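The values are calculated or read from the model by the stated rules, or taken from the named source; none is laboratory data. Not measured: the values here are computed from a predicted model. Note that each Cβ is placed from the backbone with ideal geometry, even for glycine, and that neighbours are counted across all protein chains shown.
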Amino acid sequence: MVANCFTPRVLVKYMKYKLSPIQSWYSKRLIHSFALRDYQQEAIDSILEASESGVKRQAIEMATGSGKTVVFSHLIPLLKGKGTKTLVLEHTQELIAQSYDKITRINPDLRVGIEMAESRARLNDDVIVASVQSLATNKRFTKFNPDDFKTIIIDECHHAVAPTYQKILKHFKADTKNTNINVIGFTATLARADKQMLKAVFDRIVFQRSLATMIFNKELASFKASKLYFKRLNLSNVKMKGKDYDPKALYNAVLKAGINEHLLLAYMELEKEYKSTLIFCINVEHCREVCALLQKQGVDARYVISETSNSERKTIVADFKQGKFPVLCNVTVFTEGTDIPNIDSIILARPTKSKPLMIQMIGRGLRLHKEKSHCHVVDLVGIMDENLELKAILEGKQLQMKKAKDGTTSKIESRDQVNYFENDRISKTIECALQIHSKNIVELRSVDGLELFREYMSDVGVGGRYNTLFLIKKITGYGQTEYQLTYNKFIKEDFSTYQELEFIGKSNNVLELLRELAERFPEDARHAASYRDFERPCDYSQVSFIMSHLTEKITESSLKYGFDEEQLRGNVNDAVHAMPLVTGYRFKLALMYSLNCDYSSWKANQILAESIKNYYKIDTYKL
C-alpha cells in the first residue's frame, strides 16, 4: 500500500503541530511530489505525536529495507524546535552518500552539506550529514553552535551508546531527558549484543515495524533457509572478544573444520538457480581465501573489505548490482545501510553470537526486486538455530564499549585476489568438494523463512546427566513438519550456550525420536524420569538457578508498579518454591536452553503475575 506523503487529510492532522508558514508551504508543495507507504506515514505520525507530547528522545525500529532514510528525509522539515538546522549522524561512507542523496532529492529547497574526512559543511547549511568518527576527531563538532539546531537524527542508532556519539550529543545539549533538541534514532534492530543501555540515549520506542511483519505483508521479499551440518565445527573453545567471537581464533576454528569445502558445495548448488550471491566471511583473510577459492573454480567472485578504496568499492558494487558478476564476498562492510536489491542468495560463513548482526546479514537479501521471488539463505555455521524475532529493548547492562570505526579508510588493496593464497590448499579444498559434489549427495533442504519466526522455537528438551540436553527441534515448512533429535552439552550453566555433540536422527513422528532416545541413552532417560515428580517441591539448586534468572524481571516489575522490590522478590521466591519438582526441572532446563524461548517467557510471566497478585492481597490485608 502506498499513500501520498501529504494528503489533505494528513495536512489537516498536522495543523495541530502549528507548522510555520514555510513548513506549511513546503508540505503543500510536496503533495504531488513524493509518495510514502502506509507504514512510513504511520511512523512519521507517531514521531510527530510523541514530539508534541514532550518526548524528545525517540527510537524507531524499522526492518532492513523499510525505507528508514526516506522516512527521516520527509520528517526533517516537519519537526520544530528553537533552532532551524538538522544534524544527521552516520557511521559509514555508504550511509552518508545514501542519506545525502535522499535528503536532497526529497527536500530540494534545503541546503545540505557533508561533514566527513576532507569534506566540510557550510555554516549556512540547513542539514548537515556527518560522519560520527570525523565529527568526534579533534572535537570537530565544536565548529557548530548547538543553539542553531532543532533536530539530531541518528541512523543505525543501536551504536548510539558509543563514546563518540556521547561526546557529540553532549556538545549539542542532547544527552539528557530534558533536552530541547529532537533526538530521533532509526535502526533495524534495537536489541544490542552487548546489552548496553540504549535508554541512556532514548526515552521511548515510538514506532516498530518488524522483519516478519514486512515479509508477511509482502513489503520485503520472502526467504528460504537451508543449513549444511558438519560435526567437526566446535566453537566451545574459541575465545571471545567482547560479546562475540574473536575473529582470528574463530577463523582458525572454522578453517580446521573444513568450512570452505562446505561453502564451495553450497555455492555449487545455489548457482543452479540463483544469480547474485552475497557471502559473509569471518575476517579479511577468510574473505580473500573464499574469493580466491571460487575464482580458481572458474567463478567470477570479487570482494570488498574495509581496505578497499572508495572508487574501487563503488565500481565493484555497481557492477554487482548490474549482474556483471555473480558472487560478492565481504566481512561486515555490507551488514548495514547497503542497498543491493538484486541479491537473491546469501551464504552465512561467519559464526556470531549477535542476533542483531544475524538479522542484518539476512536483511541484505530481502529488498524487493523484479527478477527475484525470494532470497535463499544458506547457514553453514548454525547461527539461525534460535528464534529470528528480536524484541526491541532500551534497557541493558552497563558495559564499556570500544571506540567505533568509521569505515572511511581509503587504502588501496594491491594484492592479486586469486594468487593471495597457496594454490596447494585451495586445490585440495576444491578437490574434496568436487568429490562430494560428483556423488550427488548434497541437497539444500530449505524451510520457508517466515516459518522460522513462528515455529522454530517450538522445541522440546529432555535433560540428560552431567549438564546435557536432548533437544527435539520442530521445523515446519511447505505444509510439512519434521523433528530433529540432537545430543548437546551446556558450555556454561549461567548462559544459554550449548554445543551439539551428536545428531541422533530425524522423523516426522516425535514419538519415534523419544523411543530412540530411551533405547540408545537409557541412563539419561532414567535421570530425566526421576524428576517427573508432582508431589515433591523444587529442590534448592533449581530455586537458586531460577531466581537468579528472574532478577531483572523482578526489578522491572517493581519499578513499573511501584512495589517494594524485596517484598516482590519474596513473593516470587515463594512461588518458585511451591512449584512441583518436575515443573522446576522443566523451567530450569528451558532457561538453560534460551532465556527467550516460549516456555521460559511464558513460565516467568506466569510466576510474576501470581506474585504481583499476591502482593496486592498482602497490601490490602495490611490496610
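What the table shows:
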read-out: Filtered residues of the range 215-229 (kept if hydrophobic (A, V, I, L, M, F, W, C), at pLDDT below 85 and buried (at least 16 other Cβ atoms within 10 Å of the Cβ)); value: Ile215, Phe223, Ala225, Leu228
read-out: Filter pass, Ile343 being aliphatic (A, V, I, L, M), at pLDDT 85 or above and in a loop (DSSP other than H, G, I, E, B); value: yes
read-out: Leu294 at pLDDT below 90, hydrophobic (A, V, I, L, M, F, W, C) and out of contact with any Gly (no Cβ under 9 Å at 6 or more places or on another chain); value: no
read-out: Single residue of Val161, Val183, Val206 found to be outside any helix (DSSP H, G or I), among the aliphatic types (A, V, I, L, M) and out of contact with any strand residue (DSSP E or B) (no Cβ under 9 Å at 6 or more places or on another chain); value: Val161
read-out: Boolean, Ile153 is assigned to a helix (DSSP H, G or I), buried (at least 23 other Cβ atoms within 10 Å of the Cβ) and modelled with pLDDT of 95 or more; value: no
read-out: Test: residue in the range 88-104 that is closer than 14 Å to Ile184 by Cα, touching a residue at least 24 places away in the same chain (Cβ under 8 Å), crowded, with 22+ Cβ neighbours inside 10 Å and not acidic (Asp, Glu); value: yes
read-out: Per-region count, the range 353-374, residues surrounded by 21 or more Cβ atoms within 10 Å (Cβ to Cβ) and either within 17 Å of Val254 (Cβ to Cβ) or in contact with a strand residue (DSSP E or B) (Cβ under 8 Å, 6 or more places away or on another chain) (or both); value: 6
read-out: Residue check for Thr176: crowded, with 16+ Cβ neighbours inside 10 Å, out of contact with any Cys (no Cβ under 9 Å at 6 or more places or on another chain) and at pLDDT 90 or above; value: no
read-out: Candidates Leu623, Leu559, filtered to the one that is out of contact with any Phe, Trp or Tyr (no Cβ under 9 Å at 6 or more places or on another chain), over 19 Å from Phe545 (Cβ atoms) and at pLDDT 85 or above; value: Leu559
read-out: Within the range 503-516, tally of residues that are at pLDDT 70 or above and either part of a helix (DSSP H, G or I) or within 23 Å of Ile383 (Cα to Cα) (or both); value: 6
read-out: Test: residue in the range 588-600 that is in the same structural domain as Ser544 (by TED's automatic domain parsing), of a type in the set (Phe, Trp, Tyr), at pLDDT below 75 and surrounded by 18 or more Cβ atoms within 10 Å (Cβ to Cβ); value: yes
read-out: Matching residues, the range 236-288, being in contact with a strand residue (DSSP E or B) (Cβ under 7 Å, 6 or more places away or on another chain) and of a type in the set (A, V, I, L, M, F, W, C); value: Val238, Leu263, Ala266, Leu270, Leu278, Ile279, Phe280, Cys281, Cys287
read-out: Within the range 237-305, helices (runs of 4 or more DSSP H) holding 2 or more residues that are aliphatic (A, V, I, L, M) and surrounded by 24 or more Cβ atoms within 10 Å (Cβ to Cβ); value: 259-270, 284-296
read-out: Qualifying positions in the range 346-382 - over 21 Å from Thr187 (Cα atoms), part of a loop (DSSP other than H, G, I, E, B) and of a type in the set (A, V, I, L, M); value: Ala349, Leu380, Val381
read-out: Residue pairs meeting the criteria (Cβ under 6 Å; at least 6 apart or on separate chains; first touching a residue at least 12 places away in the same chain (Cβ under 8 Å) and at positive phi, in the range 116-135; second assigned to a loop (DSSP other than H, G, I, E, B) and surrounded by fewer than 21 Cβ atoms within 10 Å (Cβ to Cβ)); value: Ala117/Thr408
read-out: The one condition in (1) of a type in the set (Lys, Arg); (2) without any contact (Cβ under 8 Å) to a residue 24 or more places away in the chain; (3) over 14 Å from Pro351 (Cβ atoms) that Lys224 fails to fulfil; value: (2)
read-out: Enumeration of residues in the range 152-181 that are within 26 Å of the chain's Cα centre (by Cα) and not hydrophobic (A, V, I, L, M, F, W, C); value: Asp155, Glu156, His158, His159, Pro163, Thr164, Tyr165, Gln166, Lys167, Asp175
read-out: Test: Leu190 is outside any helix (DSSP H, G or I), more than 27 Å from Glu312 (Cβ to Cβ), outside the structural domain of Val333 (by TED's automatic domain parsing) and within 25 Å of the chain's Cα centre (by Cα); value: yes
read-out: The one condition in (1) within 31 Å of the chain's Cα centre (by Cα); (2) modelled with pLDDT under 85; (3) of a type in the set (Phe, Trp, Tyr) that Tyr531 fails to fulfil; value: (1)
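Here is a yes/no grid of residues against (1) among the polar types (S, T, N, Q); (2) touching a residue at least 24 places away in the same chain (Cβ under 8 Å):
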site: Ala292; (1), (2): no, yes
site: Val299; (1), (2): no, yes
site: Ser306; (1), (2): yes, yes
site: Ser309; (1), (2): yes, yes
site: Asp319; (1), (2): no, no
site: Gln322; (1), (2): yes, no
site: Val331; (1), (2): no, yes
site: Ser345; (1), (2): yes, yes
site: Met358; (1), (2): no, yes
